[in-house]
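The values are calculated or read from the model by the stated rules, or taken from the named source; none is laboratory data. Just so we're clear, the structure is a prediction, and the values are computed from it rather than from any experiment. Heads up, the Cβs are rebuilt from the backbone with ideal geometry, glycines too, and the neighbour counts pull from every protein chain shown. For accessibility, only protein heavy atoms count, side chains too; no ligands or nucleic acids. Shrake-Rupley method; radii C 1.70, N 1.55, O 1.52, S 1.80 Å.
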Amino acid sequence: MAREFTSVGVVGLGTMGAGIVEVFARNGIDVVAVEISAPALERGQATLTRSTDRAVAKGKLDPADRDALLDRVTFAVGLDALHAVDLVIEAVPEHLDLKQRIFAELDRVCKPDAILATNTSSLSVTEISVATSRPNQVIGIHFFNPAPVMKLVEVIRTVVTSADVVADVEALCARLGKVDVTINDRAGFIANALLFGYLNHAVALFESNYASREDIDAAMKLGCGLPMGPLALMDLIGVDTAYEILDTMYRRGGRDRRHAPVPLIKQMVTAGLLGRKSGRGFYTYERPGSPVVVPDEATPVAPADAFSEGGRAIAKVGVVGSGTMATGIIEVFARAGYEVVSVTRGAEKSASICEAVKTSLNKGVVRGKLSEEERDGALGRITWSATLDHLADVDLVVEAVVEELSVKKALFASLDEICKPGVVLATTTSSLPVIEMAMATQRPADVVGLHFFNPAPVMQLVEVVRTIRTAPETVATARAVCAALGKSSVVCGDRSGFVVNALLFPYLNDAVKMLEASYSTTDDIDHAMKLGCGYPMGPFELLDVVGLDVALAIQRELYLELREPGFAPAPLLEHLVTAGYLGRKTGRGFRDHTHR
Ligand SMILES: NC(=O)c1ccc[n+]([C@@H]2O[C@H](COP(=O)([O-])OP(=O)(O)OC[C@H]3O[C@@H](n4cnc5c(N)ncnc54)[C@H](O)[C@@H]3O)[C@@H](O)[C@H]2O)c1
């Protein structure tokens with residue numbers, strides 16, 4: 001029989017603690033909520049009231065249930081109020097000495113059989129447990145932010161945590177409607193170990209002016225379907241908390257440089273820019289604690305139109321290539337009303353890409369996404385050619401040929417000879433340096449990257465890649481074209497992986513390394529990222545969809561360009577690719593898809 005928990009204590013009512021109080025009280029458990037001082041207690045109480053009021057306003061909670069929920073919570077200053085509870089969860093700032101002091105005190109105050117739990121994200125639960133005389137009753141219960149919303153709880157057992165305690169806590173998680181994964185005590189557990197390298201990298205991109213905060217966040221939301229971008233997430237987590245987590249992970253997790261907090265984070269903490277809780281972090285909020293972003297001096301001013309920034313008028317577009325991306329891009333331009341000239345390497349290829357575009361447009365008609373007239377109109381705007389000379393009078397060329405530098409460079413040299421002056425020359429490369437293509441022409445200022453995502457007609461995002469030679473009006477034109485296509489564009493520098501792949505693939509590679517180290521299973525790691533961080537797919541699901549060979553190639557490029565030891569491809573990924581386990585396309589990758 002699992003143990004009944006009738007009352008629990010929560011220590012620290014900040015970002016996490018207040019949410020944890022709500023989770024317990026919502027599920028009919030009495031809570032004693034304690035803070036260090038009266039003002040802090042008041043703040044915590046106000047957070048809880050605001051959150052439950054919001055739930056009522058959104059129709060997610062009955063007013064009567066809210067009152068009952070709040071009645072279950074007793075507020076107090078100091079740990080003495082916790083003498084009768086069955087379980088305590090500590091959620092004070094991420095400092096080992098502070099947590100150890102609190103656990104020593106809890107050990108003194110609490111009933112002998114009370115379970116003592118920490119919500120630490122990165123500190124050693126074992127080191128915290130030895131501050132008590134009952135390390136076998138100490139456990140990690142790691143909730144995710146916001147605690148009332150996120151389904152995942154990581155349960156961390158140390159080498160001495162008793163099996164009964166683990167079982168009781170697992171049963172409690174189920175009662176709270178949470179999904180738990182039980183794991184050993186390692187820095188960052190599952191989710192944070194995979195998340196924080198990514199967050200730190202995103203801050204580094206922002207710090208180096210590689211892309212704006214809005215563009216970095218939009219790229220990850222639109223390119224990967226994440227619920228929020230990394231910088232907005234840093235603000236939600238708390239910049240100070242994120243700093244402590246990174247710092248601890250760096251020191252505990254083998255001094256991986258990717259966890260060494262980038263200098264900007266420390267500067268922001270020192271300056272009091274802590275994120276939502278202080279009203280200002282990477283973004284500015286309506287008031288402290290508010291989720292509402294308000295404009296500040298860094299908010300981009302939308303130009304009146306592209307032409308005010310020197311953008312050029314584009315009416316006729318050439319698309320070179322006959323693969324998946326070219327097919328999608330032709331469709332996107334034709335549907336948006338552009339005249340399109342498709343150029344392939346031969347009549348046969350032209351016939352097959354023409355068929356592919358027709359099939360896709362017909363599917364759109366069947367699904368009610370466009371009318372028959374729109375389909376016919378789009379098809380009527382496309383000419384099919386096997387000769388680059390037909391690009392002499394287009395205003396924009398989008399190159400989507402094979403991902404080989406020599407081929408692309410030769411093509412750009414030809415385009416330079418054929419195309420009229422003032423044309424914008426764009427490459428859809430996802431891994432090659434755009435500047436290489438630019439320098440194959442006599443007009444590098446007119447060359448830009450237009451990185452579409454697959455499938456192009458569906459994916460909202462386009463990365464506009466600016467080289468050190470790209471003219472501002474070329475970028476303005478590219479952005480205006482994306483807007484006319486109904487796409488969101490983000491502008492970034494010419495570095496391997498641009499924004500999305502540079503941030504996504506090292507995370508996927510880290511997940512493979514975690515699996516390789518036997519720390520957890522594919523299912524638990526996928527669960528952790530979906531339920532703890534709201535990702536639409538877990539890393540192994542995504543790798544199987546993307547293709548392990550594609551992932552390996554991108555990861556290799558990132559490693560070769562940036563020489564970051566942490567980016568070295570996971571040996572397991574290499575082995576799976578060698579074995580021909582490439583994911584869904586071969587029936588097997590991290591999972592076997594043949595029987596599904
Ligand atoms: N922020 C997140 O997204 C997140 C997610 C999961 C876990 N965590 C972990 O949860 C813990 C709390 O983080 P947070 O972001 O809520 O921090 P926070 O700074 O928002 O809140 C900490 C609270 O603890 C209180 N406190 C400090 N000393 C205390 C004491 N001696 N006694 C009682 N209360 C005290 C503070 O007044 C403050 O209200 C950390 O271990 C963190 O790593 C954070």
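A few comments on the model shown:
- Checked against the criterion of being within 16 Å of the ligand (Cβ to nearest atom), among the polar types (S, T, N, Q) and modelled with pLDDT of 95 or more, the range 206-222 contains not a single residue that satisfies it.
- Meets criteria (within 14 Å of the ligand (Cβ to nearest atom), open to solvent by 40 Å² or more (accessible area, probe 1.4 Å) and not aromatic (F, W, Y)) for P39: yes
- The set of residues from the range 247-263 being open to solvent by less than 30 Å² (accessible area, probe 1.4 Å) and either in a helix (DSSP H, G or I) or in contact with a Pro (Cβ under 7 Å, 6 or more places away or on another chain) (or both) comprises T248, M249, H259.
- Looking across the range 395-412, the residues that are of a type in the set (V, I, T) and either closer than 17 Å to V448 by Cβ or at pLDDT 95 or above (or both) come down to V397, V398, V401, V407.
- Residue tally, condition in contact with an Asp or Glu (Cβ under 8 Å, 6 or more places away or on another chain) and among the hydrophobic types (A, V, I, L, M, F, W, C), over the range 152-168: 5
- Scanning the range 128-147 for residues that are part of a loop (DSSP other than H, G, I, E, B) and within 13 Å of the ligand (Cβ to nearest atom), we see that the one that is surrounded by the fewest Cβ atoms within 10 Å (Cβ to Cβ) is P146.
- Screening F24, F103 for residues that are crowded, with 23+ Cβ neighbours inside 10 Å and free of Cβ contacts under 8 Å to residues at least 60 places away in the same chain leaves exactly one candidate, F103.
- Hits in the range 268-293 (condition: open to solvent by 70 Å² or more (accessible area, probe 1.4 Å) and either in contact with a Phe, Trp or Tyr (Cβ under 7 Å, 6 or more places away or on another chain) or within 14 Å of the ligand (Cβ to nearest atom) (or both)): K277, P288, V293
- Checking K60 against (1) away from the ligand (no atom under 15 Å from the Cβ); (2) open to solvent by less than 20 Å² (accessible area, probe 1.4 Å); (3) farther than 27 Å from S129 by Cβ, the condition it does not meet: (2)
- The residues in the range 247-267 that are in contact with a Leu (Cβ under 8 Å, 6 or more places away or on another chain), within 15 Å of the ligand (Cβ to nearest atom) and within 24 Å of V500 (Cβ to Cβ) can be counted, and the count is 3.
- When M459 is tested against (1) open to solvent by less than 20 Å² (accessible area, probe 1.4 Å); (2) out of contact with any helix residue (DSSP H, G or I) (no Cβ under 6 Å at 6 or more places or on another chain), exactly one condition is not met: (1).
- Top-ranked residue of the range 330-350 - restricted to ones that are charged (D, E, K, R) and outside any loop (DSSP other than H, G, I, E, B), ranked as least open to solvent (accessible area, probe 1.4 Å): E331
- Of the residues making up the range 180-208, those that are of a type in the set (S, T, N, Q), touching a residue at least 12 places away in the same chain (Cβ under 8 Å) and either open to solvent by 30 Å² or more (accessible area, probe 1.4 Å) or under 30 Å from A167 (Cα atoms) (or both) are T182, N184, N192.
- Residue in the range 294-310 that is open to solvent by less than 80 Å² (accessible area, probe 1.4 Å) and farther than 30 Å from N209 by Cα present: no
Matching residues to (1) charged (D, E, K, R); (2) free of Cβ contacts under 8 Å to residues at least 60 places away in the same chain; (3) touching a Lys or Arg at 6+ places or on another chain (Cβ under 7 Å):
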{"residue": "K58", "(1), (2), (3)": "yes, yes, no"}
{"residue": "P63", "(1), (2), (3)": "no, yes, no"}
{"residue": "A68", "(1), (2), (3)": "no, yes, no"}
{"residue": "R72", "(1), (2), (3)": "yes, yes, no"}
{"residue": "A76", "(1), (2), (3)": "no, yes, no"}
{"residue": "L82", "(1), (2), (3)": "no, no, no"}
{"residue": "V85", "(1), (2), (3)": "no, no, no"}
{"residue": "V88", "(1), (2), (3)": "no, no, no"}
{"residue": "A91", "(1), (2), (3)": "no, no, no"}
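- Residue count for the range 234-246 under the criterion of being open to solvent by 30 Å² or more (accessible area, probe 1.4 Å) and either farther than 15 Å from L96 by Cβ or more than 6 Å from the ligand (Cβ to nearest atom) (or both): the result is 3.
- Condition met for V34 (near the ligand (Cβ under 9 Å from one of its atoms), open to solvent by less than 20 Å² (accessible area, probe 1.4 Å), of a type outside the set (K, R) and in contact with a Phe, Trp or Tyr (Cβ under 9 Å, 6 or more places away or on another chain)): yes
- All positions within the range 111-127 that are free of Cβ contacts under 8 Å to residues at least 40 places away in the same chain, more than 10 Å from the ligand (Cβ to nearest atom) and either in a helix (DSSP H, G or I) or not basic (K, R) (or both): P112, D113, A114, L116, E127
- For the condition within 16 Å of the ligand (Cβ to nearest atom), surrounded by fewer than 16 Cβ atoms within 10 Å (Cβ to Cβ) and of a type outside the set (F, W, Y), A68 does not qualify.
- Look at (1) out of contact with any Gly (no Cβ under 9 Å at 6 or more places or on another chain); (2) open to solvent by 10 Å² or more (accessible area, probe 1.4 Å); (3) within 18 Å of P506 (Cβ to Cβ) and you find that P230 fails only one, number (2).
- Pairs meeting the criteria (first residue in the range 250-272 and of a type in the set (D, E), second residue open to solvent by 40 Å² or more (accessible area, probe 1.4 Å), beta carbons under 7 Å, at least 6 apart or on different chains) are D256/Y250.
- For beta carbons closer than 6 Å, sequence separation of 6+ or different chains, a first residue in the range 33-48 that is of a type in the set (S, T, N, Q) and a second that is assigned to a helix (DSSP H, G or I) and more than 7 Å from the ligand (Cβ to nearest atom), the qualifying pairs are T47/A18.
- Candidate set from the range 367-396 (those that are part of a helix (DSSP H, G or I) and closer than 13 Å to K420 by Cα); member that is least open to solvent (accessible area, probe 1.4 Å): L391
- Test: residue in the range 2-21 that is more than 9 Å from the ligand (Cβ to nearest atom) and over 21 Å from V165 (Cα atoms): no
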